[in-house]
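Worksheet: the structure to be examined is printed underneath.
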Amino acid sequence: MTIDKILVTGANGYIGHHVAEELSQNKDLQVIAVDFNKNNIPENVKYLNIDILNEATSKDLYQDLDCPDKVVHLAWQDGFNHYAQSHVNNLINHFYFLKNMIDSGVKSLTVMGTAHEIGYHEGRITAETPCNPLSYYGIAKNTLRQLLFAYAKDKDVKIKWLRAYYITGDDKNNHSVFTKLLEADEKGQEEFPFVKGTNQFDFIDIKDLAKMIAKASTQDEITGIINVCSGEPVSLKDKAEEFIKEHHLKIKLKCGVFPSRKYDSPVVYGDATLINKIMEK
């Protein structure tokens, strides 16, 4: 039996360590994790401390990464700060890294995308939905996808661009409103000032997302843009109330204190058709 080597970049990050854990359960894979530290990386995973962006054009990088058969590129700085300058500064080296892997012979490449590539949109997002990103983060991810697909169009490589939406779970590390709810409850706050909460989003738990990423990255039948999502819009208020109940918090929402952000859609969610097909296999 052939064991494929699968490299996970950003493997110690918010999404990455869950993906490394999920992939490590597959006996047909040798998982190689690369990041700046390994405190969240499973012990049964090979760890490499390599600055892949700084070494993006190195002719030795593929060998230094132990010659992987598949690459899952999750590494990204400042993912929670959508206007950080790093999104612009690091963009070209993300492309050079992926180009290097393709040129070195990697045949299966999975890259983390984001719904923020789309910009403002009302309703369901498909692979064909036009993109007009509004933040540095969205612009950088959108540009990386365009560069990668343009370069790989005549190359022997299967590319899966996984577009994620609103992630919940591992809540102390996700910098979301749910993190803030936990922190406020721990401080003994009785009420949590909130927006009206009527906007609807596509929420997915980090562990379910990790399963989707692991399954999508190890198959090559379905490629291109794949939404990794629930496919179901849920109001922010309902999700927050559910979160409070699940975590047995005492705090209560005080809705309507803050206005909704002007760039938030009344309802936005992903088309889950492709990921559902992948998960059924």
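The values are calculated or read from the model by the stated rules, or taken from the named source; none is laboratory data. Everything numeric in this text was worked out from a predicted model, so none of it was measured. Please note: Cβ atoms are built from the backbone with ideal geometry, for glycine as well, and neighbour counts cover all protein chains shown. Accessible surface areas use protein heavy atoms only, side chains included; no ligands, DNA or RNA. Shrake-Rupley method; radii C 1.70, N 1.55, O 1.52, S 1.80 Å.
Scanning the range 1-12 for residues that are outside any loop (DSSP other than H, G, I, E, B) and over 16 Å from the mean Cα position of the chain (by Cα) yields ASP4, LYS5, ILE6.
LEU147 meets the stated requirement of being open to solvent by 10 Å² or more (accessible area, probe 1.4 Å), modelled with pLDDT of 95 or more and not polar (S, T, N, Q). Exactly one residue among THR273, THR218 is among the β-branched types (Val, Ile, Thr), farther than 24 Å from GLY123 by Cα and at pLDDT 95 or above, and that residue is THR218. A count restricted to the range 14-34 and to residues that are of a type in the set (Val, Ile, Thr) and touching a Lys or Arg at 6+ places or on another chain (Cβ under 8 Å) stands at 2. Residues of the range 3-37 that are polar (S, T, N, Q), in contact (Cβ under 8 Å) with a residue 12 or more places away in the chain and open to solvent by 10 Å² or more (accessible area, probe 1.4 Å): ASN12, SER24, ASN26, GLN30, ASN37.
Of all residues in the range 51-91, those satisfying the criterion of being among the hydrophobic types (A, V, I, L, M, F, W, C) and either within 26 Å of MET212 (Cα to Cα) or surrounded by fewer than 16 Cβ atoms within 10 Å (Cβ to Cβ) (or both) are ILE52, LEU53, LEU65, CYS67, VAL71, VAL72, LEU74, ALA75, TRP76, PHE80, VAL88, LEU91. Of the residues making up the range 159-196, those that are buried (at least 18 other Cβ atoms within 10 Å of the Cβ) and farther than 21 Å from LYS237 by Cα number 5. Residues in the range 92-122 that are touching a Phe, Trp or Tyr at 6+ places or on another chain (Cβ under 9 Å), open to solvent by less than 10 Å² (accessible area, probe 1.4 Å) and polar (S, T, N, Q): THR110, THR114.
As for the range 83-92, it holds at least one residue that is under 30 Å from GLU221 (Cα atoms) and modelled with pLDDT of 95 or more. Among the residues making up the range 239-281, those that are of a type in the set (Val, Ile, Thr), open to solvent by less than 60 Å² (accessible area, probe 1.4 Å) and part of a helix (DSSP H, G or I) are ILE244, ILE275, ILE278. Going by what's in this entry, would LYS172 be described as more than 30 Å from LYS70 (Cβ to Cβ) and more than 16 Å from the chain's Cα centre (by Cα)? Spelling it out, LYS172 is indeed more than 30 Å from LYS70 (Cβ to Cβ) and more than 16 Å from the chain's Cα centre (by Cα).
In the range 39-70, how many are at pLDDT below 95 and charged (D, E, K, R)? Final tally of qualifying residues: 1.
Residues in the range 197-228 that are β-branched (Val, Ile, Thr) and not in a strand (DSSP E or B) were compared, and the one that is most open to solvent (accessible area, probe 1.4 Å) is THR198.
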